[in-house]
Each structure stands twice: as C-alpha cells, then as structure tokens.
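Just so it is clear, none of the values below were taken in a lab; they were calculated from the coordinates. Every value quoted in this text rests on a predicted model; they were computed, and no experiment measured them. Neighbour counts run over all protein chains shown; Cβ positions are idealised from the backbone, glycine included.
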Amino acid sequence: MIIEQLHSEVKRKWDMLGNNVRPNLSDLEVDVVLNTAIFLYTEYALYNKNPRSFNFGFETTQQRLDMLQTLVVAYPEQPEIDLTPLGDNIYRINFLTDTILPLKSLRKARVFDPGCNTFYNVYIYQHDDLDWKLKDYHYKPSKAWKRAVGVIRNNSLYVYTNGEYELTKARITYIKKPNEVALGTYTVHPTIDTPFPTTIKAKTECDLPEDYHYLIVDLAVEELSRIYLDANRKNLQTEKIVNLS
C-alpha cells in the first residue's frame with residue numbers, strides 16, 4: 001500500500017472499532033502510530049521480541065525472514081568497507097559512517113586477507129566470551145580455517161586477528177532500519193534552533209513487504225486501542241490480528 005492507503009485503512013478500521021464515534025485522527029497521529037507498529041513488527045520478525053504481548057500467530061522462521069526481506073542489504077548494494085586498523089591486531093567497522101543505509105542489525109561479516117587473497121568469515125561473540133574465544137583452538141582467529149573473531153559495541157564491529165594475518169576490507173550483510181513513514185502534510189519537528197518550523201516533512205513510503213502491510217495496519221489499530229479504548233475492545237482487535245495472521 002502507498003502511504004495514503006495506509007492512512008485510509010487505519011482510519012477506516014479505527015472508525016469501525018469505535019462504532020464511528022471515535023474522534024478524528026490527525027495525519028501526524030496516524031504516522032506516529034504507524035511507525036510504532038512498524039517498530040513492533042520489525043522487533044518481532046528480527047528478534048522474536050514481543051514487548052506488547054501481541055499474538056502475531058507466526059510459527060516458522062522462514063515467514064519471519066520473509067517479513068524483513070525488503071530490508072536486507074548486502075554486497076554489492078552495500079559496497080566493500082575499508083577496515084580501520086586500531087592496533088593490537090584489531091580492526092573496526094563503524095556502522096554510523098561505513099554503511100550506506102542506517103543499520104539496525106548485522107547479520108554477517110566477511111573480511112579480506114590480501115596475503116591469501118581470500119575472505120574469512122567473522123564469528124561474532126558476546127563480550128563475556130571474547131577472552132577465551134581468542135585463546136581456544138576451536139574458536140580463535142585462524143588463517144588455516146579462514147576464521148576471524150568479532151564483537152559488537154558502540155555501533156561498531158571490532159574484528160580480532162591475533163596477529164595471524166592482516167586485513168584490508170570487509171563485506172557485510174545487515175538489516176537496515178525501516179523507513180519512518182510520513183504522509184508529507186505537516187512540518188518537521190520543532191527544535192531549539194527552529195521552534196516554529198515551516199519546512200514540510202518529506203513524504204516517505206513504507207518499505208516493508210507489501211504482503212504484510214495489512215498487518216502493520218492492524219497493529220496500528222491495536223496500538224490505538226491500547227491507548228484510547230477499554231481492555232475488552234483491545235482484546236477483540238488482538239483476536240482479529242491472530243485470526244488474520
């Protein structure tokens with residue numbers, strides 16, 4: 001659906017839920033609730049997190065992958081990244097400056113060893129495990145097994161080589177942040193420097209798979225129900241989402 005259709009569907013279903021007696025929603029209010037729904041949808045599909053206890057009704061990993069397929073960015077769409085050497089056999093990729101699109105979640109990284117003219121897989125671990133992973137024969141960086149070790153912190157991927165080889169560049173696959181939708185009919189948010197803005201916020205379409213736009217609409221209506229309506233009506237909308245999923 002284009003953004004105008006998303007707005008129309010949210011308002012239509014919201015009016016139906018309120019028996020046509022709910023107050024009208026402004027364009028900004030609809031965009032806010034749509035972006036909340038997009039965030040919740042993405043969190044579920046990516047991390048299986050469900051902070052609002054919505055029952056999405058999904059059962060398979062493949063379907064959750066399909067829900068995000070339009071957000072996947074990989075080489076060559078994401079060009080190769082020049083690694084920044086930090087000393088002590090550590091290299092860095094800065095997610096804020098080195099990616100062409102805002103990164104939400106790193107899925108895979110491969111780093112290039114010019115000495116062997118080949119790419120190594122980066123195995124990403126938790127910080128608590130890093131010290132022993134770097135020492136254990138089965139996990140530590142290895143030229144023979146074409147293996148590097150990485151951790152994520154401070155919006156960056158840090159790659160460790162233990163001095164086994166040198167690296168120059170990387171190819172990464174990631175989930176980008178979904179678009180923040182906007183109808184394009186109101187001004188940008190005020191700031192301290194511009195408390196009364198006159199610039200109209202650019203119209204922005206939803207970039208999630210269109211097959212699931214109906215679910216975004218239903219999640220938005222359920223979020224409105226959570227905010228404005230009583231629990232019984234919210235439960236009716238939740239049941240509808242489960243049945244449609």
Calculated [θ] (222 nm, deg cm²/dmol) that DSSP helices of n ≥ 4 give over the chain, each run adding -39,500 (n - 2.57): -10000 deg cm²/dmol
Label of the coordinate-derived value, Rg/Rh (Cα atoms, Kirkwood Rh), listed as [x] 0.94; [y] 0.98; [z] 1.08: [z]
Computed lengthening from residue 155 to residue 100, 0.36 nm per intervening residue step minus Cα-Cα distance: 18.4 nm
Calculated FRET value between residue 108 and residue 131, using beta carbons and R₀ = 30 Å, to 0.05: 0.80
Cβ-placed point charges (K, R +1; D, E -1), dipole of the chain about Cα centre in debye, nearest 20: 480
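For the chain, what is the relative contact order in percent, using Cα pairs closer than 8 Å and at least 6 residues apart in sequence? Before the final figure, lay out the partial values.
Details: 377 pairs, mean separation 66.5, N = 245.
RCO, the chain: 27 percent.
If each residue's Cβ is checked for other Cβ atoms within 10 Å, how do 116, 206 rank with the fewest at the top?
On the way: 116 11, 206 23.
Fewest-to-most Cβ neighbours within 10 Å comes out as 116, 206.
How would 142, 105 line up from fewest to most surrounding beta-carbon atoms within 10 angstrom?
Fewest-to-most ranking of 142, 105: 105, 142.
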Derived scalar couplings ³J(HN,Hα) [the stretch 161-173; Karplus, 6.51 cos²θ - 1.76 cosθ + 1.60; whole Hz; x for Gly, Pro]: 10, 6, x, 6, 6, 10, 10, 10, 8, 9, 10, 10, 10
Ordering of 117-124, 217-224 by burial proxy (mean other Cβ atoms within 10 Å per residue, highest first): 217-224, 117-124
